[in-house]
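Only one structure is covered here, and it is reproduced in the block below.
The values are calculated or read from the model by the stated rules, or taken from the named source; none is laboratory data. The structure displayed is predicted, hence computed values, not measured ones. Glycine gets a Cβ as well: all are built from the backbone with ideal geometry, and neighbour counts include every protein chain shown.
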Ligand code: KG4
């Protein structure tokens with residue numbers, strides 16, 4: 001009997017400020033290379049034009065390194081999967097064009113991937129010789145990143161429904177924008193996380209939104225935080241410096257509370273106890289601890305991806321590409337990137 005050829009997917013991610021390439025073979029990750037762009041730090045946020053230029057410089061060396069680390073040759077690749085959106089158009093264009101060229105030159109199929117769906121499917125990345133314990137369908141996924149805050153009902157790999165989402169800013173944006181006001185470097189989320197460990201989460205009280213159903217809002221908190229600091233600075237110009245840890249702890253506590261209220265509500269409404277979290281903000285230690293405590297209290301089975309698969313990465317694009325490859329869901333050469341999308 002002829003031996004089945006393994007399914008080997010090259011994944012390409014370039015939706016924001018990380019250029020990444022990964023190789024997945026039959027669901028097992030062989031390599032995942034991420035080149036982060038430092039250039040944006042001095043501007044306090046991602047500058048789209050600079051991001052596109054950096055992607056252009058990074059894409060070939062990153063793919064080359066991913067191939068070398070996988071121990072495979074480009075002839076072994078079954079298909080190339082790329083992030084089609086959502087994201088920054090110029091950045092997406094670099095990954096999309098590279099993937100099209102690679103597909104044409106190698107005579108292999110092209111697979112478009114929705115970045116948000118990929119964040120969820122990061123939960124299914126297998127590592128060689130490591131324990132593999134993915135969530136069982138149906139599960140709820142709290143997707144929290146720099147651009148999105150959503151609660152997703154996941155019925156199957158490619159069958160997902162957004163049942164709640166932010167009507168304005170994302171949770172990551174709330175971290176980053178409030179951090180910027182305190183003079184912390186970009187992106188502020190990890191800095192707030194670090195300082196929060198040293199502070200009192202109940203020292204300051206910030207506003208929580210009253211938004212119906214399972215939706216989120218973070219812009220009110222951002223404004224409340226900004227005005228609070230502005231008022232305090234009028235009487236004490238060192239207020240931020242003197243209270244930084246407590247400010248970070250109280251801000252983080254409020255963001256987590258906002259996220260948890262709707263997640264609890266979604267779990268109660270659907271009766272689902274398989275709960276997962278994905279996206280860059282799921283790296284937050286306070287959120288992880290709160291989720292763990294809540295899971296024990298409410299009998300949830302909790303799933304959190306490994307740190308490197310929560311941030312933007314191509315491993316999640318490659319694994320999503322594999323699920324689409326298995327369903328023969330291929331993309332034509334005429335596909336153009338999209339900046340915004342739904343799942
Ligand atoms: O998913 P991701 O890598 O990409 C975007 O959607 O852009 O998420 C990046 C976001 C940023 O807002 C960053 O501040 C936030 O994730 N983030 C964190 C932490 N690590 C990353 N937020 C809070 N605590 C962290 N430890």
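Condition first: closer than 21 Å to residue 307 by Cβ, within 16 Å of the ligand (Cβ to nearest atom), part of a helix (DSSP H, G or I) and over 21 Å from the mean Cα position of the chain (by Cα). Can you find one or more residues in the range 254-262 that meet it?
Step one: list which residues in the range 254-262 are closer than 21 Å to residue 307 by Cβ, which gives 255-256, 259-260.
Filter once more, keeping what is within 16 Å of the ligand (Cβ to nearest atom): 255-256, 259-260.
Add one more test, that the residue is part of a helix (DSSP H, G or I), and what stays is 255-256, 259-260.
If we keep only those that are over 21 Å from the mean Cα position of the chain (by Cα) as well, we get none.
No; the residues of the range 254-262 include none that is closer than 21 Å to residue 307 by Cβ, within 16 Å of the ligand (Cβ to nearest atom), part of a helix (DSSP H, G or I) and over 21 Å from the mean Cα position of the chain (by Cα).
Show the residue pairs that are 6+ apart or on different chains and have beta-carbon atoms under 7 Å apart, the first residue being within the range 82-109 and free of Cβ contacts under 8 Å to residues at least 40 places away in the same chain, the second being in a loop (DSSP other than H, G, I, E, B).
106/77; 108/77; 108/78
Where residues in the range 191-205 are part of a loop (DSSP other than H, G, I, E, B) and within 16 Å of the ligand (Cβ to nearest atom), which of them is farthest from residue 232 (Cα to Cα)? So that I can check it myself, show each step before the final result.
First pass over the range 191-205, keeping only residues part of a loop (DSSP other than H, G, I, E, B): 197-205.
Those still in the list that are within 16 Å of the ligand (Cβ to nearest atom) too: 197-199, 201.
On the way: 197: 23, 198: 21, 199: 18, 201: 18 Å.
Checking each candidate, the answer is 197.
Kindly provide the set of residues from the range 160-175 that are within 16 Å of the ligand (Cβ to nearest atom) and touching a helix residue (DSSP H, G or I) at 6+ places or on another chain (Cβ under 6 Å), ordered by number.
Start the filter on the range 160-175 by keeping residues that are within 16 Å of the ligand (Cβ to nearest atom), which leaves 162, 165-166, 168-175.
168, 169, 171, 172, 174, 175, listed by residue number.
Anything in the range 31-62 that is surrounded by fewer than 20 Cβ atoms within 10 Å (Cβ to Cβ) and touching a strand residue (DSSP E or B) at 6+ places or on another chain (Cβ under 8 Å)? List them, or say none.
Selection gives 34, 35, 36, 61.
Of all residues in the range 11-42, count the ones that are part of a helix (DSSP H, G or I) and touching a helix residue (DSSP H, G or I) at 6+ places or on another chain (Cβ under 8 Å).
First pass over the range 11-42, keeping only residues part of a helix (DSSP H, G or I): 38-42.
Next, only the ones that are touching a helix residue (DSSP H, G or I) at 6+ places or on another chain (Cβ under 8 Å) stay: 39-40.
Number of matching residues: 2.
Identify, please: which residue in the range 305-323 is in a loop (DSSP other than H, G, I, E, B) and modelled with pLDDT under 95 and is, among those, farthest from the ligand (Cβ to nearest atom)? Spell out how you get there, then give the answer.
First, the residues of the range 305-323 that are in a loop (DSSP other than H, G, I, E, B): 305-306, 311-314.
From the residues that got through so far, the ones that are modelled with pLDDT under 95 too are 305-306, 311-312.
On the way: 305: 11, 306: 14, 311: 4, 312: 4 Å.
Among them, the one singled out is 306.
Can you pull out the residues in the range 178-190 that are near the ligand (Cβ under 9 Å from one of its atoms), buried (at least 20 other Cβ atoms within 10 Å of the Cβ) and not in a loop (DSSP other than H, G, I, E, B)? Don't jump to the end; show me each part of the working.
From the range 178-190, those near the ligand (Cβ under 9 Å from one of its atoms) are 179, 186-190; that's our starting set.
Okay, now just the ones that are also buried (at least 20 other Cβ atoms within 10 Å of the Cβ), so 179, 187-189.
Scanning the range 178-190 gives 179, 189.
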